[in-house]
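Below: one structure, written as structure tokens.
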Amino acid sequence: MRFTITRENLQQGLGAVAGSIPSRTTLPVLSNILIEAEDGAVRMSGTDLDTAVSVRVAADVAEAGAITAPAKKLQEIARELPGAVEFSTQGDAIQISSGRTRYRLNGLPRDEFPAFPKVDFAESWRVTGTDLQRLITHVSFAASTEETRPILNGVLWQLGEGEMRMVATNGHRLAKMTLPVETAGGDGTPAGDFIVHPKALAQVQRLFRGDETVEVGRSENHIGFRGNDVQIYTRLIEGPYPNYEQVIPRDNDKHMVADKGALQAAVRRMAIVASDQTHRIRLSLGGTMLRFAVETPDVGTATEELPVEFDGEPLEIGFNAQYLLELLRYMPTDEVKMSFKAPERAATMMPIGNEDTPDYLCLVMPLRLLS
């Protein structure tokens, strides 16, 4: 194998697949990047056996071939090279030269690299990179990071006729967004529900451009994303996702509209004094002022008032300040609406304020107030 590649293209390809290389592994080849030289391009691939990423970058290929090279060392070398890079192999030895700099690395044969999952793109969905990025950004943060309920470590992605939806929850907070999509489920393509790990979705969000059309295919256990130069495959999380519709309240009759920035700032100030364990803050609603109060025995107290629009009977309710800040961070508008029912019932938060506001809803469970 022999090719010449610009330093920028080499760094771009290595950076794209780096997120799929495990930091620790008992299988040496997984620490390597698969490099395949083909007509006019080089394809670089990495995998941790759960998620695989492959990216194609332009190169001047003199001799086709394939080998796996140590990912970390190759990245470190690429950062330091002075210019265009000449890359060649002899057996399992890799020669890299740029200007007067020469390296020789030990590679591993291509056959030791795991094969990518076989994913069927014959009946695929086509979605825009913009829509994918929007869904992932506003939903995946809410997935659980605890291992006690593995199914909640994933994001539920529902593709149906005319729309697609993502949902994530850790049992204390939930995020759900629905976007219209012309081709999902259309043209005879069947609808589908998948549970995808946020780590894989982060790769999708990072590597596909907003103006790109992404093809989505699936097999029994995997889902694949395919664009012009990038392919991502990931193992699906198996099992039934909880019925999230059951926990979204439909009868919340107390509604508050507030400026998102002002509400964020007030919650952040209250969080300073809140307990490090519960992060509990008290909200008192009634009239035109939202009143905050925090009392932590070994720290101190804090209070604040914020002008809001409120419709409903007075209410006192407690929340984890960190969860409120998370939801507010991902609200896409300058004003938000929160709806409540009772101190022990879930509250919802929605964006309001412009015609382009998506169908986006977040939920947060309250904390019991101490009298």
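The values are calculated or read from the model by the stated rules, or taken from the named source; none is laboratory data. These numbers were taken from a predicted model, which means no experiment stands behind them. Methodologically, a virtual Cβ is constructed for each residue, glycine included, from the backbone with ideal geometry; neighbour enumeration extends over all protein chains shown. Side chains included, ligands, DNA and RNA excluded: accessible areas come from the protein's heavy atoms. Shrake-Rupley method; radii C 1.70, N 1.55, O 1.52, S 1.80 Å.
Before moving on, here are some points about what is shown:
Rundown of residues vs (1) within 27 Å of GLY224 (Cα to Cα); (2) under 29 Å from the mean Cα position of the chain (by Cα); (3) of a type in the set (Gly, Ala, Ser), yes/no style:
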{"site": "ILE5", "(1), (2), (3)": "no, no, no"}
{"site": "ARG24", "(1), (2), (3)": "yes, yes, no"}
{"site": "LEU27", "(1), (2), (3)": "yes, yes, no"}
{"site": "ASN32", "(1), (2), (3)": "yes, yes, no"}
{"site": "GLY40", "(1), (2), (3)": "yes, no, yes"}
{"site": "THR51", "(1), (2), (3)": "yes, yes, no"}
{"site": "GLY65", "(1), (2), (3)": "yes, no, yes"}
{"site": "GLU80", "(1), (2), (3)": "no, no, no"}
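- Check on GLY287, open to solvent by 10 Å² or more (accessible area, probe 1.4 Å) and at pLDDT below 95: yes
- Residue match in segment 89-106 (condition: assigned to a strand (DSSP E or B) and farther than 26 Å from ASN32 by Cα): no
- The listed residues are GLU326, GLU335, GLU344, and the only one of them that is open to solvent by 70 Å² or more (accessible area, probe 1.4 Å), over 17 Å from ALA262 (Cβ atoms), modelled with pLDDT of 95 or more and not basic (Lys, Arg) turns out to be GLU344.
- Flag if ALA293 is out of contact with any helix residue (DSSP H, G or I) (no Cβ under 6 Å at 6 or more places or on another chain), over 23 Å from LYS176 (Cβ atoms) and part of a helix (DSSP H, G or I): no
- Checking TYR244 against (1) under 30 Å from ALA200 (Cα atoms); (2) open to solvent by 30 Å² or more (accessible area, probe 1.4 Å), the condition it does not meet: (2)
- Of all residues in segment 1-50, those being part of a loop (DSSP other than H, G, I, E, B) and either on the phi > 0 side of the Ramachandran plot or not polar (S, T, N, Q) (or both) number 11.
- Here the condition is being outside any helix (DSSP H, G or I) and not aromatic (Phe, Trp, Tyr); of THR145, THR137, it holds for THR145 alone.
- Look at segment 161-179: where a residue is surrounded by fewer than 19 Cβ atoms within 10 Å (Cβ to Cβ) and a partner is in a strand (DSSP E or B) and among the basic types (Lys, Arg), sitting 6+ places away or on another chain with Cβ atoms under 6 Å, you get THR178/ARG165.
- Looking across segment 125-154, not a single residue is surrounded by fewer than 19 Cβ atoms within 10 Å (Cβ to Cβ), in contact with a strand residue (DSSP E or B) (Cβ under 6 Å, 6 or more places away or on another chain) and hydroxyl-bearing (Ser, Thr, Tyr).
- Among (1) touching a residue at least 60 places away in the same chain (Cβ under 8 Å); (2) assigned to a strand (DSSP E or B), the one test that THR278 misses: (2)
- Flag for GLY46 being of a type outside the set (Phe, Trp, Tyr) and open to solvent by 10 Å² or more (accessible area, probe 1.4 Å): no
- Subset tally (residues that are open to solvent by 60 Å² or more (accessible area, probe 1.4 Å) and farther than 29 Å from THR169 by Cβ) for segment 296-313: 7
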